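The values are calculated or read from the model by the stated rules, or taken from the named source; none is laboratory data. Remember, predicted model here, so these are calculated numbers, not experimental data. Cβ placement follows ideal geometry from the backbone for every residue including glycine, while neighbour counts extend to all protein chains displayed.
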């Protein structure tokens with residue numbers, strides 16, 4: 001495969017603080033990009049998933065649920081994943097709803113390609129749902145436009161401010177089921193860049209994560225710009241939830257969690273990482 005360095009690497013990441021935090025090292029110029037030009041492409045995760053189906057970006061975050069559909073075109077990066085151990089996306093409503101009630105309740109979801117939707121189907125089976133952009137779900141539940149909503153990103157921390165109650169925590173459910181962290185989002189790189197370029201870019205993006213962790217006080221304000229009004233305390237807590245040891249490297253536990261979740265969801269695909 002060719003080892004010629006491309007001049008442009010478009011990096012897709014979702015508009016939330018943890019993804020932005022990980023990109024800070026590149027965005028700030030702290031990390032040596034080795035002659036590559038990086039361009040951030042910031043969209044909601046469902047849009048990034050749809051773009052991944054087209055192979056639009058050289059590097060992109062995507063839902064783990066989407067990865068089996070594009071494994072012929074993308075390879076997993078060994079870092080940058082969003083995993084929570086005992087916490088994750090939640091279903092909220094204006095009043096407590098049991099699993100039985102939720103199965104008969106229309107739930108707003110952030111997209112059918114998201115891992116959150118895939119895992120909620122493991123919990124509930126089929127249920128009536130409506131797709132909304134992730135940041136429209138909480139207001140829709142508050143307004144009564146939909147009875148319940150599946151929240152990702154910072155809504156997991158802020159839902160109580162709007163008087164909502166938590167009905168299901170997918171990360172908690174998964175931990176009780178398997179003893180494993182819940183892999184939600186993954187970072188991937190397009191195979192056609194070639195082995196050498198994939199390794200170079202992987203190394204640069206890992207260095208970006210390390211730089212943000214080493215310069216947390218500088219990286220956090222950048223990340224909070226993607227937090228939709230989240231204060232510093234909550235923003236820091238949210239980043240800590242999803243930029244953790246497993247973000248720096250999947251390790252054996254993270255790889256096991258990926259295989260277990262995809263197996264339970266009925267996706268058979270070869271899991272390949274950039275090494």
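Only one of these is free of Cβ contacts under 8 Å to residues at least 24 places away in the same chain, within 21 Å of residue 116 (Cβ to Cβ) and outside the structural domain of residue 152 (by TED's automatic domain parsing): 66, 47. Name it.
47
Could you say which residue among 252, 196, 200, 210 is more than 21 Å from residue 114 (Cβ to Cβ), out of contact with any strand residue (DSSP E or B) (no Cβ under 7 Å at 6 or more places or on another chain) and without any contact (Cβ under 8 Å) to a residue 24 or more places away in the chain?
Every option except 252 fails the conditions.
Given the criterion surrounded by fewer than 18 Cβ atoms within 10 Å (Cβ to Cβ), modelled with pLDDT under 95 and in a helix (DSSP H, G or I), identify the matching residue among 275, 253, 233, 260.
When all the criteria are applied, what remains is 233.
Looking at (1) closer than 27 Å to residue 9 by Cα; (2) touching a helix residue (DSSP H, G or I) at 6+ places or on another chain (Cβ under 6 Å), find the lone condition where residue 225 falls short.
Only one criterion is unmet by residue 225, namely (2).
Can you tell me how many residues in segment 121-147 are closer than 18 Å to residue 44 by Cβ and in contact (Cβ under 8 Å) with a residue 40 or more places away in the chain?
In the first step, residues of segment 121-147 are kept if they are closer than 18 Å to residue 44 by Cβ; the result is 129-141, 146.
Right, trim to in contact (Cβ under 8 Å) with a residue 40 or more places away in the chain and you get 131, 133-135, 138, 141, 146.
Total satisfying the criteria: 7.
Working only within segment 160-184, note down all residues that are buried (at least 21 other Cβ atoms within 10 Å of the Cβ) and farther than 15 Å from residue 120 by Cα.
164, 181
Would you confirm whether any residue within segment 30-37 is surrounded by fewer than 24 Cβ atoms within 10 Å (Cβ to Cβ), touching a residue at least 40 places away in the same chain (Cβ under 8 Å), out of contact with any strand residue (DSSP E or B) (no Cβ under 8 Å at 6 or more places or on another chain) and in a helix (DSSP H, G or I)?
Scanning segment 30-37, I find no residue that is surrounded by fewer than 24 Cβ atoms within 10 Å (Cβ to Cβ), touching a residue at least 40 places away in the same chain (Cβ under 8 Å), out of contact with any strand residue (DSSP E or B) (no Cβ under 8 Å at 6 or more places or on another chain) and in a helix (DSSP H, G or I), so the answer is no.
Can you pull out every residue in segment 38-66 that is over 17 Å from residue 20 (Cβ atoms) and part of a loop (DSSP other than H, G, I, E, B)? Break it down into steps so the answer makes sense when it comes.
Step one: list which residues in segment 38-66 are over 17 Å from residue 20 (Cβ atoms), which gives 46, 49-56, 58, 63-66.
Within segment 38-66, 55, 56, 58, 64, 65, 66 meet the criteria.
So, of the residues in segment 161-170 that are at pLDDT 95 or above and closer than 22 Å to residue 45 by Cβ, which turns out to be farthest from the chain's Cα centre (by Cα)?
Result: 164.
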